1. Mind checking whether some residue in segment 218-228 is of a type in the set (Asp, Glu) and either part of a helix (DSSP H, G or I) or surrounded by 14 or more Cβ atoms within 10 Å (Cβ to Cβ) (or both)?
2. If I ask for residues that are more than 24 Å from ILE146 (Cα to Cα) and touching a residue at least 40 places away in the same chain (Cβ under 8 Å), which ones from segment 31-51 would you list?
3. Select, from LEU194, LEU202, LEU164, the only residue that is in contact with a Leu (Cβ under 9 Å, 6 or more places away or on another chain), touching a residue at least 40 places away in the same chain (Cβ under 8 Å) and not in a loop (DSSP other than H, G, I, E, B).
4. Can you name the helices (runs of 4 or more DSSP H) wholly within segment 1-63 that have at least 1 residues being touching a Gly at 6+ places or on another chain (Cβ under 6 Å)?
5. Could you count how many residues in segment 240-263 are within 22 Å of VAL31 (Cα to Cα), touching a residue at least 24 places away in the same chain (Cβ under 8 Å) and in a helix (DSSP H, G or I)?
6. When residues of segment 118-156 are filtered for being closer than 18 Å to ASP99 by Cβ and either among the hydrophobic types (A, V, I, L, M, F, W, C) or at pLDDT below 95 (or both), how many remain?
7. Exactly one condition in (1) of a type in the set (Val, Ile, Thr); (2) surrounded by 16 or more Cβ atoms within 10 Å (Cβ to Cβ); (3) free of Cβ contacts under 8 Å to residues at least 24 places away in the same chain; (4) not in a loop (DSSP other than H, G, I, E, B) is not met by THR179; state its number.
8. From the residues in segment 242-292 that are farther than 12 Å from ILE303 by Cα and either among the acidic types (Asp, Glu) or in the same structural domain as GLY30 (by TED's automatic domain parsing) (or both), which one is farthest from the chain's Cα centre (by Cα)?
Amino acid sequence: MDAFYASVEQLDNPDLRNKPVAVGGSSERGVVSAASYEARKFGVKSAMSSVIAKRNCPSLIFVKPRFERYKEVSNQIRKIFLEYTDLVEPLSLDEAYLDVTENKKGIPSATLIAKEIRDKIKNKTGLNASAGISINKFIAKVASDINKPNGQKTVNPEEVEEFLEQLQIRKFYGVGKVTAEKMYQLGIFKGVQLKEKSEEFLTQNFGKSGKYYYNVVRGIHNSEVKADRIRKSLGAERTFNENIASEIFMLERLSNIAEEIERRLKKSKVAGKTVTLKIKYSDFTLQTRSKTLPYYIASKDIILETSKELLYQEKMKNSVRLLGITLSNLNTGHSEGTNEKVIAVQLKFDF
């Protein structure tokens, strides 16, 4: 979907249409969750500080997020997908992979299917969608950004090699800003230069990701579209209005975060073993500390107690602007009859 959250807000409120809109908090510590295309022209983008966003675009209009509404629209779109195939792998509320090799309507062209789905989304919701069509998930994902907004790009099998060779390295899915800068220093600016590097060279410079880069630039990506995507982690975090230096105040915030995670665990009916504490300091440096327990947990008390242990693991090097807790190593992959014990002091799941 094109600028999904912002587009929903503009759809529901005609006064926002054709205006620069940012979904997120407008406070000094606020962060942009999504930006309309009118706002993007000024350099406003997701994960940007609201202060910087407002500086870039003085006329920017901030709107508080309404996730229940976004989920409602997302479900409408998902139903359209399922008219064509059951092989739908959601990535988020606004994005999904579809395998249409065998589709319910017997349409022989994936390009025509994408066009038909986009038209249906527009008619049903009033929103624009873009699509990428190709031989695997990686190329389809990259192609989906080529003709945004409200467009689509097909990369046919015989076009894959040239498409990837001419692709700017920063447009490769999985290559972030830091990695792109490192590649530039190594003389890698497009796929053609990446393709010249050996697997050994890429592994030496980029670790485990090196093999991934070696394969995808050759069009090799064998990940299947999985209809039942298994959740790997669950977490929550908070950015504070003022930096916190006192560990007592940090524990109070962590208690609230742990309570939120417990609520989400209960809703999702899962538990996990690994607790990760995320700390962002006032100088914007980021630190994570993790601990894996020998049993599954799902209660606020144990999550908080483990987080407290991680907090005291070493002395704070600065005041803190953000704290977060993530529970991973979830029991989503376990079948019935497992001997694993779940410690869920305050939770009762109706299985």
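The values are calculated or read from the model by the stated rules, or taken from the named source; none is laboratory data. Computed from a prediction, not measured in an experiment: that's the story for all the values here. Methodologically, a virtual Cβ is constructed for each residue, glycine included, from the backbone with ideal geometry; neighbour enumeration extends over all protein chains shown.
1. no
2. First, pick out the residues of segment 31-51 that are more than 24 Å from ILE146 (Cα to Cα): 31, 49-51.
Selection gives VAL31 alone.
3. So the residue among LEU194, LEU202, LEU164 that is in contact with a Leu (Cβ under 9 Å, 6 or more places away or on another chain), touching a residue at least 40 places away in the same chain (Cβ under 8 Å) and not in a loop (DSSP other than H, G, I, E, B) is LEU164.
4. Working: elements: 4-12, 37-40, 50-56.
Qualifying helices (runs of 4 or more DSSP H): 4-12, 50-56.
5. Qualifying residue count, segment 240-263: 7.
6. Counting residues in segment 118-156 that are closer than 18 Å to ASP99 by Cβ and either among the hydrophobic types (A, V, I, L, M, F, W, C) or at pLDDT below 95 (or both) gives 10.
7. With (1) of a type in the set (Val, Ile, Thr); (2) surrounded by 16 or more Cβ atoms within 10 Å (Cβ to Cβ); (3) free of Cβ contacts under 8 Å to residues at least 24 places away in the same chain; (4) not in a loop (DSSP other than H, G, I, E, B) applied to THR179, the lone miss is (3).
8. If we take residues in segment 242-292 being farther than 12 Å from ILE303 by Cα and either among the acidic types (Asp, Glu) or in the same structural domain as GLY30 (by TED's automatic domain parsing) (or both), then GLU247 is farthest from the chain's Cα centre (by Cα).
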